[in-house]
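Notes to accompany the following structure.
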Amino acid sequence: MPLPASLESDRALPDKTDVAIIGGGIAGVATALELAERGLSIVLCEKGIIAGEQSSRNWGWCRQMGRDRREIPLIQVSMGLWRQMRQRTGEETGYRECGIAYLCESDAKLEKREHWYRTHARPNGLSSRMISAADAQAMTPGCTIGWKGGLFTPNDGRAEPALAVPAMARAARKAGALIFQNCAVRGIEREGGRVSGIVTENGAVACDAVVLAGGAWSRRFCNNIGIELPQLTVINSVMRTTEIEAGVTHSVSGGNFAIRKRLDGGYSVAHSVFSMADMMPDSFRLLPAFWPTLKNEWRDFRFRLGSRFLDEARLKRRWAMDEQSPFEQVRILDPAPVQSIQNEALAALRKALPVFQKARIAEQWAGVIDVVPDTVPVISAIDALPGFHMATGFSGHGFGLGPGAGKLMAEIVTGETPCVDPAPFRFGRFA
């Protein structure tokens, strides 16, 4: 997979910091950047490398379209931050306002998109609009699918995940944050019933607040400190082509494929529908919590029982502060891409857009997406442990939401007036 841009780590852990952040994906990095810019002392610890997991492996879409209604105010904040990110960081993030289109090959799919447009886009003042069959065809020159029409948001965008998150991390360091890679956090220290510090594999750091932005690892971390986070994972597979002139400038999803233009002149390609849901020990433990969503959306997943079940079962669920943690055993989740899904997506793309028959696949990779039962992230203080906060469970929406999530998390930590109503993201909704 495209490795995230390299980032220098700081050398020595301080004795104390204002806020400790666990996890170096986009949510943790964006929170560090926001807090450091406010003048707080920040320590960010990442068990592997910055953006080593899903934050560099996603599609790179920054979209307002198709969101859950609860996410729309936050994605609007986030899009404003994406538009400023290159200037803010002083680096190339790959962000471009390209527009995103959901193209529909059936009347049923078109009706579904129109329902979202009527109930979500118009009431929230989004730029989204329904487009005609002719418009859809013009967006995909040479396409063999007879599109019925689609939903298009002209001010949605794209960015390069492997560039953007490291750029944000370097900006956070320039603002004063300390960043430590290959430094797993084993647990939380408490004093007087509240957070008093973190314990890492390299030593302890006292702090007044902790933000857990652990992605797919958040549930395991929470379990060890006695907090029940309902979270599962799914595998999403992506590939990229070499440079090709295909004439498709918007990011497009439809007909079992999804594509976006890349800065290097190629395209990122994925299946527009399917992800792989590996059966895990927690799949059975959490079935009641996930059932209401699963019974409506099970057609979007393929299920398998394989080696990941045993891999997951072997990792500790509880450990002491002086023991090696699971986060030291597995520094980076690096699942193999699901070849059957990749093949189906590529075949659908080449059939629909014959120009891609000459495109060479340069790389394939997969990432692990953290999912919560209602697919809306947790961005919240945790009442049961004062000083402890979470930014996790982004359910495949995290890259686009990342800058806005970091801003909201920083505001919650500092007690500022939040940029959006934080109630939909409260952890307490799962109680």
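Of (1) surrounded by fewer than 24 Cβ atoms within 10 Å (Cβ to Cβ); (2) out of contact with any Gly (no Cβ under 8 Å at 6 or more places or on another chain), Val77 satisfies all except one. Which?
Answer for Val77: the failing condition is (2).
Mind checking which residues of the range 229-244 are more than 19 Å from the chain's Cα centre (by Cα) and touching a residue at least 40 places away in the same chain (Cβ under 8 Å)?
Thr241, Thr242, Ile244
Kindly indicate whether any position in the range 347-366 is among the charged types (D, E, K, R), modelled with pLDDT of 95 or more, in contact with a His (Cβ under 8 Å, 6 or more places away or on another chain) and farther than 22 Å from Val185 by Cα.
Within the range 347-366 (the criterion being among the charged types (D, E, K, R), modelled with pLDDT of 95 or more, in contact with a His (Cβ under 8 Å, 6 or more places away or on another chain) and farther than 22 Å from Val185 by Cα), the answer is no, since none of the residues qualifies.
Looking only at the range 90-122, filter to residues that are of a type outside the set (D, E, K, R) and assigned to a strand (DSSP E or B); which one of those is nearest to the chain's Cα centre (by Cα)? Spell out the reasoning first.
First pass over the range 90-122, keeping only residues of a type outside the set (D, E, K, R): 90, 93-95, 98-104, 106, 108, 110, 115-117, 119-121.
Going one step further and asking which of them are assigned to a strand (DSSP E or B), we end up with 100-104.
On the way: Ile100: 18, Ala101: 20, Tyr102: 20, Leu103: 23, Cys104: 25 Å.
Among residues in the range 90-122 that are of a type outside the set (D, E, K, R) and assigned to a strand (DSSP E or B), the one nearest to the chain's Cα centre (by Cα) is Ile100.
Mind listing whichever residues of the range 328-348 are in a helix (DSSP H, G or I) and either surrounded by 14 or more Cβ atoms within 10 Å (Cβ to Cβ) or polar (S, T, N, Q) (or both)?
The first filter runs over the range 328-348 and keeps only residues in a helix (DSSP H, G or I), leaving 328-329, 339-348.
Result: Glu328, Gln329, Gln339, Ser340, Ile341, Gln342, Asn343, Glu344, Ala345, Leu346, Ala348.
Of the residues in the range 378-411, how many are surrounded by fewer than 22 Cβ atoms within 10 Å (Cβ to Cβ) and part of a helix (DSSP H, G or I)?
Of the residues in that region, 1 qualify.
Quick one: would you say Asp370 is assigned to a strand (DSSP E or B) and either without any contact (Cβ under 8 Å) to a residue 60 or more places away in the chain or crowded, with 16+ Cβ neighbours inside 10 Å (or both)?
Here the answer is yes, as Asp370 does meet what is asked.
From the list Lys316, Lys295, which residue is basic (Lys, Arg) and more than 23 Å from Ile22 (Cα to Cα)?
Answer to the check: Lys295.
Do we have Glu323 as acidic (Asp, Glu), out of contact with any strand residue (DSSP E or B) (no Cβ under 6 Å at 6 or more places or on another chain), crowded, with 16+ Cβ neighbours inside 10 Å and modelled with pLDDT of 95 or more here? Can you show your working first?
On the way: acidic (Asp, Glu): yes; out of contact with any strand residue (DSSP E or B) (no Cβ under 6 Å at 6 or more places or on another chain): yes; crowded, with 16+ Cβ neighbours inside 10 Å: no; modelled with pLDDT of 95 or more: yes.
No.
Pull up the range 211-261, narrow it to residues that are in contact with an Asp or Glu (Cβ under 7 Å, 6 or more places away or on another chain) and in a loop (DSSP other than H, G, I, E, B), then point me to the one that is surrounded by the most Cβ atoms within 10 Å (Cβ to Cβ).
Across the range 211-261, the extreme among qualifying residues is Gln231.
Name, by its number, the condition in (1) aliphatic (A, V, I, L, M); (2) closer than 27 Å to Gly406 by Cα; (3) in a helix (DSSP H, G or I); (4) over 19 Å from the mean Cα position of the chain (by Cα) that does not hold for Leu310.
In the conditions (1) aliphatic (A, V, I, L, M); (2) closer than 27 Å to Gly406 by Cα; (3) in a helix (DSSP H, G or I); (4) over 19 Å from the mean Cα position of the chain (by Cα), Leu310 misses (2) alone.
Given the conditions (1) farther than 15 Å from Met168 by Cβ; (2) assigned to a strand (DSSP E or B); (3) among the β-branched types (Val, Ile, Thr), and given that Ile75 satisfies all but one, which numbered condition is not satisfied?
If we test Ile75 against (1) farther than 15 Å from Met168 by Cβ; (2) assigned to a strand (DSSP E or B); (3) among the β-branched types (Val, Ile, Thr), just (2) comes out false.
Residues are listed down the side, and each one gets a yes or a no for (1) touching a strand residue (DSSP E or B) at 6+ places or on another chain (Cβ under 8 Å); (2) farther than 23 Å from Ser253 by Cβ; (3) not acidic (Asp, Glu):
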| residue | (1), (2), (3) |
| --- | --- |
| Leu40 | yes, yes, yes |
| Ile49 | no, yes, yes |
| Asn58 | yes, no, yes |
| Arg63 | yes, no, yes |
| Gly80 | no, yes, yes |
| Glu92 | no, yes, no |
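Considering only residues that are of a type outside the set (S, T, N, Q) and over 17 Å from Arg69 (Cβ atoms), which ones fall in the range 379-392?
Passing the criteria: Ala381, Ile382, Asp383, Ala384, Leu385, Pro386, Gly387, Phe388, His389, Met390, Ala391.
For every residue, the table says whether it meets (1) in a strand (DSSP E or B); (2) not aliphatic (A, V, I, L, M).
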residue	(1), (2)
Leu33	no, no
Val43	yes, no
Lys47	no, yes
Ser56	no, yes
Gly66	no, yes
Trp82	no, yes
Arg88	no, yes
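Yes or no: the range 301-322 includes at least one residue that is acidic (Asp, Glu), in contact (Cβ under 8 Å) with a residue 24 or more places away in the chain and out of contact with any helix residue (DSSP H, G or I) (no Cβ under 7 Å at 6 or more places or on another chain).
no
So Ala101 clears everything in (1) among the hydrophobic types (A, V, I, L, M, F, W, C); (2) surrounded by fewer than 23 Cβ atoms within 10 Å (Cβ to Cβ); (3) over 20 Å from Gly402 (Cβ atoms) except one condition, right? Which one?
Failed condition: (2).
The values are calculated or read from the model by the stated rules, or taken from the named source; none is laboratory data. Keep in mind that this is a model prediction, so the values were computed, not measured. Positions of Cβ are generated from backbone atoms using ideal geometry, with glycine treated the same way; all protein chains shown enter the neighbour counts.
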